[in-house]
Amino acid sequence: MKIFTILRMTSRHFVRLKSTQVNPQKYCIDLVKKHDFENYLCSVFLRRRDQECAFAIRAFNIEVANIEGQVSQATIGLMRLKFWEEAIEKIFKDNPPHHPVAQEIHRVLEKNVITKRNLRQLVSARTEKLSASTFKSLDHMEKYGDQTCSPIFYLLLTSCGIENVNADHAFSHLGKAQGLTNLIRSVPYYAQRKVVIIPQDILLKHRVSQENIIRGGCDKPIRDAVFDVACRANSHIDKAMSLVEQVPNRLFRQFLPVVPLKCYLERLRLVDFDVFHPNLQLRDNKLALRLFWKTLRGKL
């Protein structure tokens, strides 16, 4: 494929956004609502000032996370990720590109502290993933989950202007839990693309047939493998929860994402860790009520 064609395919999406007048803040909110509804609800319950940061940061994460599924060639994906690497530099030089997410990040940056390092981490983690679509071990999988989720919580923490060691540790565990849970939920998606996302050491441990996973099987070895990953995620939730009472009350609502995580893992348990079960593909219609109740009581 000629380089001109690749560049045209890479830039088409951004040119379309530039030529269309959109409200950056509304664009970010709608993007999160469409692609990350659970965290959209969690963000709705944040204080208004915190909401702006949350929607901007999560919209940025969605933009870089969706690239893998939007391209058929790694080269094109890398070029799109390169756009966001350069966008970060321009944002912090007060010259953001004409993209609503970049514009909103820049606007939020004028009123809040946002660290460049954590934004870049969200991009670099996806760059590495494009080169290696599978995980050698559960530790490797956990590391990727940490790199793609924990920076979001660190960004939200710094935007609140609070420095707290216990909060750092709690968000680290929460990020790992969310990253691992996201990967569990993505098993059916990757299976359709003939990719097995479950770590190789777990597959060997339970003698799992990769062909069975690709076919959407639910035999005991597959369920045992999913159980191992879910246990690791749940252990991080327990560690995060043990630290919540030691962090400032101002940060309580930032921990609301633990609610949908616990709900999903419980639903997974109820179907005996059959990650392909149709019930797991349904939206939790009671989540908004649960979040409201947790916020009202001030307890997770």
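Model label points for Ser186 and Asp228, set 7 angstrom from Cα along the Cα-to-Cβ axis, are 2.0 nm apart. For Arg107 and Phe252, the FRET efficiency from 1/(1 + (r/R0)^6), where r spans their Cβ atoms and R0 equals 22 Å, is about 0.25.
Once you list every other residue whose beta carbon is under 14 Å from the beta carbon of Lys176, what net charge do they have if Lys and Arg are +1 and Asp and Glu are -1? That works out to -2. The distance linking the stretch 108-133 with the stretch 151-182 is 14 Å (Cα centroid to Cα centroid, whole angstrom). Remark: the stretch 221-300 carries a charge dipole of roughly 500 debye about the Cα centre, counting +1 on each Lys and Arg Cβ and -1 on each Asp and Glu Cβ. Protein heavy-atom accessible surface, 1.4 Å probe, per residue over the chain: 50 Å². Once the C-beta distance of Arg215 and Thr158 is scaled by a Förster radius of 30 Å, the resulting FRET efficiency is 0.10 to the nearest 0.05. Relative contact order of the chain: what whole-number percent is it, with Cα pairs under 8 angstrom and at least 6 residues apart? Once normalised by length, the contact order is 17 percent. Please work out the FRET efficiency for the pair Arg207 and Ser131, using the Cβ-Cβ distance as r and a Förster radius of 25 Å; give the result to the nearest 0.05. After rounding, the FRET efficiency stands at 0.35. For the stretch 256-291, trypsin sites (Lys or Arg not before Pro) are listed when DSSP marks them as loop and at most 11 other Cβ atoms sit within 10 Å of their Cβ; the list is Arg283, Lys286. Each of [x] 1.07; [y] 1.12; [z] 1.01 is a candidate for Cα Rg over 2.2 N^0.38 Å; the one calculated from this structure is [z].
Within the accessible surface of the chain, defined with a 1.4 Å probe on protein heavy atoms only, the carbon and sulfur portion equals 51 percent. All other residues whose Cβ lies under 15 angstrom from that of Phe37 are scored, Lys and Arg at +1 and Asp and Glu at -1, for a net of +3.
What number comes out for the charge environment of His206, summing +1 per Lys or Arg and -1 per Asp or Glu over other residues with Cβ under 15 Å away?
My count for the surroundings of His206 gives -2.
One chain, two ends: Glu89 and Val271. Fully extended at 0.36 nm per residue, the span grows by 60.9 nm beyond their Cα-Cα distance. Can you bin the stretch 142-244 into rounded, prolate or oblate? Criterion: square roots of the alpha carbon gyration tensor eigenvalues sorted a ≥ b ≥ c, rounded for a/c under 1.5, prolate for a/b above b/c, oblate for the rest. In terms of gyration-tensor shape, prolate. Per-residue extension of 0.36 nm, minus the Cα-Cα distance of Leu282 and Ser72, leaves a gain of 72.8 nm for this segment.
The values are calculated or read from the model by the stated rules, or taken from the named source; none is laboratory data. Only a predicted model underlies this, so the values are computations on that prediction, with no experimental measurement involved. Quick reminder, even Gly has a Cβ in these numbers, built from the backbone with ideal geometry, and neighbours come from all protein chains shown. Heads up: the accessible areas ignore ligands, DNA and RNA and are worked out on the full protein's heavy atoms, side chains in. Shrake-Rupley method; radii C 1.70, N 1.55, O 1.52, S 1.80 Å.
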